[in-house]
């Protein structure tokens, strides 16, 4: 009996110690937690991804090449999924969030929160990379901030089409690239197929981004993400590149803003129509898949 009483007292004492040492300040509001997580994972992804581009461009090949950007952005996405995956879903991509709303896996009322967090994170990510590489950029271009030409530097922050690419060709490029992204993400999260397992999810999502960059990236830099592209573009317009960031490429700026959401819905719809809807029922399993929503790790962007 004494041992039992002693155990109870120790348990109570332990709980008291836990209560005493518990942090006194934390966010109880779910929307606040979701917004902060989505902002932070987007910010980290953009700093690391744009940093890879800045290093390659200003280093003039001494510190990496195109493959470095592909791998760097893929790993940046993987780190973003680790940071926000179980809180916000770590979309980091307006096309992903929009697609999840279309398919009923994210409430429409939450879309503005996700878009704002992604825009804010992308903008501050561009500011951070500009601050870190300010001297390198100016040394590379001689202080002449240009959008096109041999020493153009605007492409560090936002995407621009190759000289041969038309607006229609670029639109198709962005639709297909984003469709491949969402199609693969839907497959990776399909619990009745071959989903990414446990801790492998972030790396697998990052590898999808690497693959898209290596196969569909040369035409226009594979933005496949409207919030990733427009926020840094606005920053460069403010920081000294001027309105040429919107004029260049025959007014290219709207293509990575409009085409990715269309491609996202197309890619996710293709997977659902060709694969997910045709799974045989599994006893005791209510959900066919748990893709890209709050509480799950798999989400992405570039």
Please verify whether residue 215 is free of Cβ contacts under 8 Å to residues at least 60 places away in the same chain and either crowded, with 24+ Cβ neighbours inside 10 Å or assigned to a helix (DSSP H, G or I) (or both), treating the condition exactly as stated. yes
So, in segment 98-113, of the ones that are touching a helix residue (DSSP H, G or I) at 6+ places or on another chain (Cβ under 7 Å) and over 16 Å from residue 179 (Cβ atoms), which residue ends up surrounded by the most Cβ atoms within 10 Å (Cβ to Cβ)? 106
Among (1) assigned to a helix (DSSP H, G or I); (2) in contact (Cβ under 8 Å) with a residue 24 or more places away in the chain; (3) under 14 Å from residue 206 (Cα atoms), where does residue 68 come up short? (2)
For the list (1) buried (at least 19 other Cβ atoms within 10 Å of the Cβ); (2) modelled with pLDDT under 95, I need the number of the one condition that residue 129 fails. (2)
Conditions first: (1) surrounded by 18 or more Cβ atoms within 10 Å (Cβ to Cβ); (2) in contact with a helix residue (DSSP H, G or I) (Cβ under 6 Å, 6 or more places away or on another chain). Residue 64 passes all but one, so which condition is the exception? (1)
Check whether at least one residue in segment 137-148 is crowded, with 19+ Cβ neighbours inside 10 Å, under 26 Å from the mean Cα position of the chain (by Cα) and more than 27 Å from residue 80 (Cβ to Cβ), and report yes or no. yes
So for segment 243-259 (the condition being in contact with a helix residue (DSSP H, G or I) (Cβ under 7 Å, 6 or more places away or on another chain), modelled with pLDDT of 95 or more, outside any loop (DSSP other than H, G, I, E, B) and farther than 21 Å from residue 173 by Cβ), does at least one residue qualify? no
Does residue 207 count as surrounded by fewer than 18 Cβ atoms within 10 Å (Cβ to Cβ) and modelled with pLDDT of 95 or more? no
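Just the residues that are crowded, with 20+ Cβ neighbours inside 10 Å and farther than 16 Å from residue 91 by Cβ, please, taken from segment 218-252.
Once the filter is applied, which keeps residues that are crowded, with 20+ Cβ neighbours inside 10 Å and farther than 16 Å from residue 91 by Cβ, segment 218-252 yields 220, 221, 222, 232, 233, 235, 236, 241, 245, 248, 249, 252.
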Only one of 237, 231 is under 30 Å from residue 144 (Cβ atoms), assigned to a helix (DSSP H, G or I) and free of Cβ contacts under 8 Å to residues at least 12 places away in the same chain. Can you tell me which? 237
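Residue-by-condition table, conditions (1) part of a helix (DSSP H, G or I); (2) modelled with pLDDT of 95 or more; (3) more than 15 Å from the chain's Cα centre (by Cα); (4) within 18 Å of residue 216 (Cα to Cα):
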residue: 266; (1), (2), (3), (4): yes, yes, yes, yes
residue: 271; (1), (2), (3), (4): yes, yes, yes, no
residue: 285; (1), (2), (3), (4): no, no, yes, no
residue: 301; (1), (2), (3), (4): no, no, no, yes
Regarding residue 117, is this residue buried (at least 24 other Cβ atoms within 10 Å of the Cβ) and over 11 Å from the mean Cα position of the chain (by Cα)? yes
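The values are calculated or read from the model by the stated rules, or taken from the named source; none is laboratory data. Since the model is a prediction, treat every value here as computed from it, not as a measurement. Backbone-built Cβ (ideal geometry, glycine too); neighbour counts: all protein chains shown.
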